[in-house]
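Encoded as structure tokens, the structure appears first; notes follow it.
Nothing in this text is a laboratory measurement; each read-out follows from the coordinates by a stated rule. None of these values were measured; they are calculated from a predicted model. Counting neighbours? That spans all protein chains shown, and the Cβs are built from the backbone with ideal geometry, glycine included.
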Amino acid sequence: MRLRVAPIKNDAQQWDELVARRGCLYQSWGFSECLAEGIGYRILRLAATDDAGLRACLSLALVKSPLFGRFAVSLPVSDHAGVCYEDETAAAALLNELPKLLREEGLDSLELRQLIPARPLAELPRSEHKLTLELALPENPELLWKDLKAKVRNLVRKGQKLEMDYRQGAEELLEIFYAIYARNLRDLGTPCYPKRFFAALLRRFPGKAAIHLVTLPPEDLPIAVGFTLQDRDRQQIPFAASLTEYRRHAPNMFLYWKILEDAIARGCTLFDFGRSTRDSGTHRFKKQWGATELPLPWAYQLAAGAEIPDTRVDSPRYRLAIQAWKKLPVGLSVWMSERIVRFLP
């Protein structure tokens, strides 16, 4: 049967049925809706179909940025939301349409965040400047505790000795989560995602999206937060933050331990710490938990004469902008972020 490739606008059910069989949460129809509603990305969905139905699909965020140029990403925020496909013939049919898409949209590049590259991607240029870290979870927290290094256990015990409180929730914790998250991103010199994006995730993925909070007695002061997404037996933590002035108490270590306990209680067998730049502070933090490194081999479809873009916000070329951002009042950084973050990959 001949495969047909075209944009698709209103078949969420068939799309998600394919993703349920072959893909991940980041490839779902609902996640790209969150990107559109919560951040403002323009989303284009491509589908390869035959008489039997949907065979391959790909969500793209189209960006025309004054800073990074004209490009598409599948998908921002995610680590692995490339082509979802039944077989490599269907994947190839969809990928063969990408050069045409670049011409029609006037794009310089298209970034496919494919965790495990399909064979049709083999000839495309790739970048592995990012990696993710994954931890296989045992059947109970006691086994995980025994596997941790003594230094890690001691840092977790700091929170226990201080009688830090941990709880998880959803919309009722959003304001607290966002206050710490936005301040932490300002301190790092990085724009933050709008609060409405996190609200959209919580609304569209009830039971899968959760906010985690650590507070310090006796005032029950919020000092560390995390935002997790559960995808089948995989727990992921794409967002975490803590207040700088309390880091001597290692609240992030206590937070992650409680989140790992929760993941095991949920029946998860894998914990995904999320992407990092090799040898960065976040990379070292995640690796100390015994996580295994996994390169992220993102592939690129490039326009004629174009090169793989340098869209890293930690690139040396943005050093002055990062330093200036760190000096902004938090409220102003949030206001500015809401207006520019949709132009970032």
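May I ask you to compute the full-extension gain from Arg266 to Glu105, defined as 0.36 nm times their residue separation minus their alpha-carbon distance, rounded to one decimal in nm?
Result for the pair: 53.7 nm of gain on full extension.
With label points built 7 Å along Cα→Cβ from the Cα atoms of Glu17 and Val330, find their separation and express it in nm.
For the pair Glu17/Val330, the computed spacing is 4.7 nm.
Output the pairs from Lys100/Lys327; Lys195/Lys327; Lys208/Lys287 with a Cα-Cα distance over 32 Å in this structure; if there are none, say none.
Lys100/Lys327
For the stretch 152-309, what is the relative contact order in percent, using Cα pairs closer than 8 Å and at least 6 residues apart in sequence?
Reported as a whole number, the value is 23 percent.
Can you list the HN-Hα couplings for the stretch 106-112, worked out from phi with the Karplus curve (6.51, -1.76, 1.60; θ = phi - 60°), rounded to whole Hz and with x for Gly and Pro?
x, 9, 8, 7, 9, 9, 9
If each residue's Cβ is checked for other Cβ atoms within 10 Å, how do Lys208, Lys151, Lys286 rank with the fewest at the top?
With the sparsest Cβ surroundings first, the list reads Lys151, Lys208, Lys286.
5 Å is the cut-off here: which amide hydrogens, built 1.01 Å from N in the peptide plane, fall below it relative to Ala170, excluding neighbours closer than 5 in sequence?
When sequence neighbours closer than 5 places are left aside, the close amide H contacts are Ile211.
Could you compute the net charge surrounding Thr228? Neighbours are other residues with a C-beta less than 9 Å from the C-beta of Thr228; K and R count +1, D and E count -1.
Residues near Thr228 contribute 0 overall.
Would you work out the charge dipole size for the chain about its Cα centre, treating the Cβ of every Lys and Arg as +1 and the Cβ of every Asp and Glu as -1, and quote it to the nearest 20 debye?
About 1000 debye.
Can you sort Leu155, Leu60, Leu294 from fewest to most other Cβ atoms within 10 Å of each residue's own Cβ?
Taking fewest neighbouring Cβ atoms as first place, the list is Leu294, Leu155, Leu60.
Compute the relative contact order of the chain as a whole-number percentage, counting only Cα pairs closer than 8 Å that sit 6 or more residues apart in sequence.
In percent, rounded to a whole number, it is 24.
Relative contact order of the stretch 1-146, please, whole-number percent, based on alpha carbon pairs below 8 angstrom and at least 6 residues apart.
21 percent
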